[in-house]
Amino acid sequence: MTKMVLIVEDNDLNLRLFEDILAAEGIATLSATSGAVVADMAREQRPDLILMDIQLPEMSGLEATRQAQRSEEPAGIPIIAITAHALPGDERRIRAGGCTDYVAKPVLIDTLVSTVKQHLN
């Protein structure tokens, strides 16, 4: 069965890049450009994993993560933060905010693919 990843990214170039990388690995994608729709999309579409940009307009990726996790269903979807925040302490703060894992921008393709596959299996 094909795995589904919800990509939450407001930058069109990054969004297309992530979609293309995952498609090349045989992973289906959904996309959103706003954190405000993540909880509803996760409940309706039931992705196997969420890639979450942390700096989003209107609502931060961390707030969107908290809302998605508060939702009763679906529970337990891994959320991987994708962020340019790569300073000491940022990863700890992001994980404390509810993200399962963390990938720093600029994203290395091998790192993204291996992290996604690790959480899909």
> Hey, quick one: spin label on MET4, modelled 7 Å out along Cα-Cβ, who in segment 77-97 has an amide N within reach, i.e. under 13 Å?
Replying inline: none
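What order, most packed first, do the peptides 37-49, 85-97 have when packing is the mean number of other Cβ atoms within 10 Å of each residue?
Details: 37-49: 17.5, 85-97: 13.2.
So the peptides 37-49, 85-97, ranked by packing, come out 37-49, 85-97.
List the DSSP H helices in the chain whose Cα atoms stretch 15 Å or more along the helix axis and whose mean Kyte-Doolittle hydropathy is at least 0.5.
Numbers: long enough: 12-24 (18 Å, 0.58); 109-120 (16 Å, 0.35).
The answer, listed by residue number, is 12-24.
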>> Let me check I've understood the local charge: for LEU15, count other residues with C-beta under 14 angstrom from its C-beta, Lys and Arg +1, Asp and Glu -1. What total comes out?
In response: -4
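What is the local net charge at THR83, summed over the other residues whose Cβ is closer than 11 Å to its Cβ (Lys, Arg +1; Asp, Glu -1)? Don't jump to the answer; show the numbers that get you there.
Working: positive: ARG93, LYS105; negative: GLU9, ASP53, ASP90, GLU91.
Spelling it out: positives minus negatives among the neighbours equals -2.
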> Okay, helix-only estimate at 222 nm for the chain: each DSSP H run of n ≥ 4 adds -39500 (n - 2.57), divide by all residues, round to 500 deg cm²/dmol; what do you get?
Replying inline: -12000 deg cm²/dmol
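Which shape class applies to the chain: rounded if a/c is under 1.5, otherwise prolate when a/b exceeds b/c and oblate if not, where a ≥ b ≥ c are the square roots of the Cα gyration tensor eigenvalues?
On the way: a/c = 1.32, a/b = 1.02, b/c = 1.29.
It comes out rounded by the Cα gyration axes.
Where a number appears in this text, it was derived from the coordinates with a stated rule and is not lab data. Keep in mind that this is a model prediction, so the values were computed, not measured. All Cβ positions, even for glycine, are placed from backbone atoms using ideal geometry, and neighbour counts span all protein chains on display.
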